[in-house]
Amino acid sequence: MKTLKQILASKGGKLVTVAPDDSVFSALQVMAEYNVGAVLVIEKEHLLGIFSERDYARKVSLLDKSSRDTRVRDIMSDKVLYVTPDQTVDECMAIMTERHFRHLPVLDDDHTLLGIVSIGDVVKETISEQQFIIQQLEKYIAG
């Protein structure tokens, strides 16, 4: 089973972030540009929260707020659960499933932000590993 460090390495090093005082509209533009469902909210290299499409839908759109006038800090999720790079994909999947999260930041022991994993990353790796196991079993059975 791969670790999250390996998953991050395969994704590349690009972090998609926004500042807490950015408008929600601006954050949505960033998310659209990078085709992601969530961005990390960073200030002075410190993780303050996470802003997702779900935050937008529930805290702006449904409440009839303006995305141009609302700041990210006002609607971001600021109680952020994170994972470490040495945790496995299975551990990450369990956390995401239990907590109904689609994105988890990855921080090292010094709380340095290393990246973010999505449910898509985790599912992709799980499927890849299952396909490998099936191929190995087929080879074993075929002799």
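The values are calculated or read from the model by the stated rules, or taken from the named source; none is laboratory data. The structure displayed is predicted, hence computed values, not measured ones. When we count neighbours, we look across all protein chains shown, and the Cβ atoms used for this are built from the backbone with ideal geometry, even at glycine.
Over 17 Å from Ser118 (Cα atoms), touching a residue at least 24 places away in the same chain (Cβ under 8 Å), not in a helix (DSSP H, G or I) and not charged (D, E, K, R): is that true of Pro20 in this structure?
For Pro20, the condition - over 17 Å from Ser118 (Cα atoms), touching a residue at least 24 places away in the same chain (Cβ under 8 Å), not in a helix (DSSP H, G or I) and not charged (D, E, K, R) - is met.
Report, by residue number, each residue of the range 85-101 that is in a loop (DSSP other than H, G, I, E, B) and under 20 Å from Glu129 (Cβ atoms).
Result: Pro85, Asp86, Gln87.
List pairs: first in the range 92-117 and closer than 15 Å to Gly49 by Cβ, second surrounded by fewer than 20 Cβ atoms within 10 Å (Cβ to Cβ) and of a type in the set (Phe, Trp, Tyr), Cβ under 6 Å, 6+ apart or cross-chain?
Pro105/Tyr82; Leu107/Tyr82
Say whether the condition of being modelled with pLDDT under 95 and in a helix (DSSP H, G or I) is met by at least one residue in the range 60-81.
Looking through the range 60-81, at least one residue is modelled with pLDDT under 95 and in a helix (DSSP H, G or I).
In this structure, does Asp121 turn out to be touching a residue at least 40 places away in the same chain (Cβ under 8 Å), within 30 Å of Leu28 (Cα to Cα), acidic (Asp, Glu) and surrounded by fewer than 16 Cβ atoms within 10 Å (Cβ to Cβ)?
no
Quick check on my filter: what residues within the range 1-15 are surrounded by 13 or more Cβ atoms within 10 Å (Cβ to Cβ) and part of a loop (DSSP other than H, G, I, E, B)?
Lys2, Leu15
Any residue at all in the range 112-121 that's at pLDDT below 95 and part of a loop (DSSP other than H, G, I, E, B)?
Among the residues of the range 112-121, at least one is at pLDDT below 95 and part of a loop (DSSP other than H, G, I, E, B), which makes the answer yes.
Condition check: closer than 16 Å to Leu4 by Cα and either surrounded by fewer than 16 Cβ atoms within 10 Å (Cβ to Cβ) or aliphatic (A, V, I, L, M) (or both). Does Leu81 satisfy that?
Yes: the conditions hold for Leu81.
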